[in-house]
Each structure stands twice: as structure tokens, then as C-alpha cells.
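Read the structure below first, then the notes.
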Amino acid sequence: MNRQKYWNPLLETMPREKLKQLQFKKFKRILTWAYTHSKFHRALYDTAGLTPDDIRSFDDIKKIPKVEKSMMRDIQKKDPYPYGDALCVPLEEVSAFRQTSGTTGQPVYQPDTLQDWDWWAECWAFILWSQGYRAKDRVFLPFGYNIFVAFWAAHYGSEKLGCEVVPGGILDTQARILKIQELNATAMMATPTYVLNMADVAKNKMGIDSRELSISKITCAGEPGAGIPSTKKRMEDAWGAKVYDHCGATEIGAWAYECEDQPHGMHVNEAMFLVEIEDIETGHIIEEPGRRGKMIITALDRIAQPCVRFDSKDVIEWDSESCTCGRTFRLIKGGVLGRSDDITKVKGVLFSPAAIEEVVRSIDGLGDEFEIIVDKQGDVDRIKLKVELLPEVTRLSVENTLIDQLRLKTNLRYQIEYYDYGSLPRYEVKAKRFKDLRKKQ
Ligand SMILES: [Zn+2]
């Protein structure tokens, strides 16, 4: 077995049938744990008339009720404060507090034990090793070290591999760039929005070409960008570095990663997570590649507040190809394709903001920023797209390509507004580029 290539060769190259047996065994274990220790889970399964003993085959797993984010918010009104009754360990065993960003409502609080935090670091060790991180790397982490989980687990995952970690905490963007330059950092991690923003600040405010810095690999999270080919290319060109995608969430863990072979998708860490894809309209579980649905996920080893069949609302699809890297963990094609909340019908056509990002970022004369606003004019849906022209680029030189590509990729027409470079809002972490004003009416 090749210890050099895989973090855990046994798990990452396990034959699929064996892997499925392992997932089933672990699913029953975490289900039993939740049923036995969490009042919330016990009530949920009792109401459905199910106990862990009723789960006798892999097929039975889909009988277990899903957990919605809204349920997790309701729990927090119960004891013990502030987590509520999904907590499976005594409160004094909780060693870490984090919370969700609350972009879709009241934040959810996440308790973890020290064992859970080790587990988080282990999840990240799979990711980083597969992306070529090794002990010789000096990893720069330009994020606010605060109540949000962000790259906290990446910090500990990097340490676990023996990398040297530089916490870029409350430094501003310019100070972070100077520190990367001073220390010759070899890798960093950030949202795609911030990766592009840092390169922009370096170039336009500091006269530093980010390609001249020593960063050779960047791991992204938080937004679909690293899975969108044109955005990935912009980041790789700006930094002269390899850009890799990964996916994680506060309530779930770090569940998927793109390996060094960059297969235009991500491996699901199937030794530590069970991912099911549910058809959004019928509710059936999709086994075959090429059909989109929303992800239902179970973290198979997380204990303080278990994540069992959590409805993540991430839209994904299985890839029909296996990866050239030799890992048997399945690939999700193109990474996370969007949120089921964001995928909406406009003029009767299914519409995903990620498709527009792909088009805008594939056109050389346009800047990185854009904004999409959907509203109604009378009874008719209208989509406004705001884009920025790069300095010295004329509207005429990009207009036809943009209109054609948008029609080709999305089947919709847009009202396009052109802005000077630098006039649309810039974001530090996650961008808010899509607004659906119809929802408030
Ligand atoms: Zn691979």
C-alpha cells in the first residue's frame, strides 16, 4: 500500500462493497448512540415508530427521518442551555463552541467534545494530504479566528500533518499579504471570493503580483467557486498556484475534497460520512450518476451533537467516472452545485446562480464581481445582471459574447448593466451576489 499517496490507504482504496458494509455498521452505531443519548433524536424516531433495531439493511437507512436545520433551531430553546436536548454528552464534556453564520435565519449552536475536535482534524488530514500538503509546508490561514468554524479545523488538520501553521487572524488584507511574502508561506486557505480579493488588493493597492508570492496551493471552502471551472482558472492564474475545493459545514464536518488529480469534482469521505442524494420533487434516493438532488448526510463518528440524516440543502450529483487517483470514494461532479434554496424557477425555467458565475468569469474583459437580482415587472419575472468592465475594456467588446453565453448556458434573457471596475461591492468572506426580491412579496 502506498503510504505516500494516501493519508489512510486502507480506507481510501477500500473496495466499494466493503466500504458500504463499513458505512452501514457505523450508521447503526451513531443511530444507536443518538437514540440512546439524545432526547431529541429519540422523540423523532419514536414518532416514526422506529428503533435502531429496525434498521437491518442498507436500504432501511432511508426510513430514518431527516433532520432539518429549523429543528436544530427549535432544540436550542430547551435544556441544557445553550445547546438543547440533542446534546449526547454531559455539558462539562463540551470543549468547543461554534455557531453557524445565520445567513438563513437564527444561528445554530454547535457543541463539540475534544474527541470530536480530534475527529475534525482527522477529516482535514484526508483533505490536505490528498491535495499535496506535507510537513514541509508553511500554511497561512487568513480568516477571522472567531465563533464561526471556518478554517479552524484546517488549522488543526495542518498541524496533524506536521505543517507549520501561521494564523493570519485579525490582520487586514494588506498585512496578510506582507506576512505571506515575508515568511514565504507555501499554502493558504480561503473562500474563492477572498482568494480573488486578496490578489486584487495585492496588485491594485500594493503593487505586488500575487503570482510572485510563494503560495503553490490554495484550498477553498464556503462557496461553489473552486468547483466552477472559470472561477478556479481565475484564482489559479492570479496566484500561479493550484486551487483545490473542499466542502464542510459547522453542523456536518469536512465531508468532501478535491484531490491532486483535480477531477472536476470532489471525493466524498465515505469512511467518515454517509451521503445520500434525494430527488427534490419525489423524495426518492438517487443512486445513479448524472441526476441532481439535495444531499442528506450523516457524520458517522461525531458524538456531542450527532448529525444523522441531516437535510443539508446542498445540491449535488454523483459522477459516472471514477478518479484517476485510485481512491474508491465516489466523486460528486463539479462539487456542490448550489443550494436547493437558491435553485428557483425564473420564467418557468430552473435557474442556478452558479451557472451565471461560470459565464461571467469565463469572459476575459469582465471583472470578478457581479450581482444577480430577480424581481417581477407586473406578472413577468425579470433578471438583472450587474457586471464590471475591466479598465480599458469597452462594453461593445464583451456584450455579444456575454449575451450569447448566458442564453446558451441558462436559456434565459437578462437585463445587463455595466459598471466601471471597482464599483460593485467587495466581500471579505462569503459573497451575497444573488438576490431574489420576489420572495419578499
Ligand atoms: Zn481523486
Loop trypsin sites (Lys or Arg not before Pro), the stretch 34-99 (other Cβ atoms within 10 Å of the site Cβ: 13 or fewer; DSSP):
Arg56, Lys77
Out of all DSSP beta bridges with both ends in the stretch 344-436, state the antiparallel percent to the nearest 5.
55
Subtract the Cα-Cα distance of Met71 and Val380 from 0.36 nm times their separation in residues, and report this length gain in nm to one decimal.
107.7 nm
Scaled to the compact-protein estimate 2.2 N^0.38 Å, what is the alpha-carbon radius of gyration of the chain, rounded to two decimal places?
1.00
Built amide H within the under 5 Å cut-off of Gly338, gap 5+
Val315
Under 5 Å, built H, 5+ apart or other chain: amide partners of Asp137:
Glu164
What is the extension gain from Asp341 to Trp117, computed as 0.36 nm multiplied by their sequence separation minus the C-alpha to C-alpha distance, in nm to one decimal?
77.7 nm
If the cut-off is a Cα-Cα distance under 17 Å, which lysines reach Lys432, setting aside same-chain residues fewer than 8 apart in sequence?
Lys384, Lys386, Lys440
What are the trypsin sites (Lys or Arg not before Pro) within the stretch 383-441 that DSSP puts in a loop, where the Cβ has at most 10 other Cβ atoms within 10 Å?
Lys432
Using a Förster distance of 56 Å, the FRET efficiency for Arg29-Asn400 (Cβ separation, nearest 0.05):
0.45
Highest GNM mean-square fluctuation, the chain, Cα pairs closer than 10 Å: which of Ile127, Ile55, Ile252?
Ile55
Sparsely packed trypsin sites (Lys or Arg not before Pro) within the stretch 293-361, loop by DSSP, other Cβ within 10 Å at most 15:
Lys347
With a point put 7 Å past each Cα toward its Cβ, work out how far Ser230 is from Lys5 in nm, to one decimal.
3.5
Ignoring GluC sites (Glu not before Pro) buried by more than 13 other Cβ within 10 Å or outside DSSP loops, the longest site-free run in the chain is 69-280
Measuring from label point to label point, each 7 Å out along Cα→Cβ, what is the Lys179 to Asp46 span in nm?
5.0
Hey, can you grab everything whose amide H is under 5 Å from the amide H of Val108? Only 5+ residues off in sequence or another chain; H modelled, so Pro and N-termini drop out.
Thr100, Gly102
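None of the figures in this text is laboratory data; all of them are computed from the coordinates on show. It should be emphasised that the depicted structure is a prediction, and the values quoted were computed from it without experimental measurement. Counting neighbours? That spans all protein chains shown, and the Cβs are built from the backbone with ideal geometry, glycine included.
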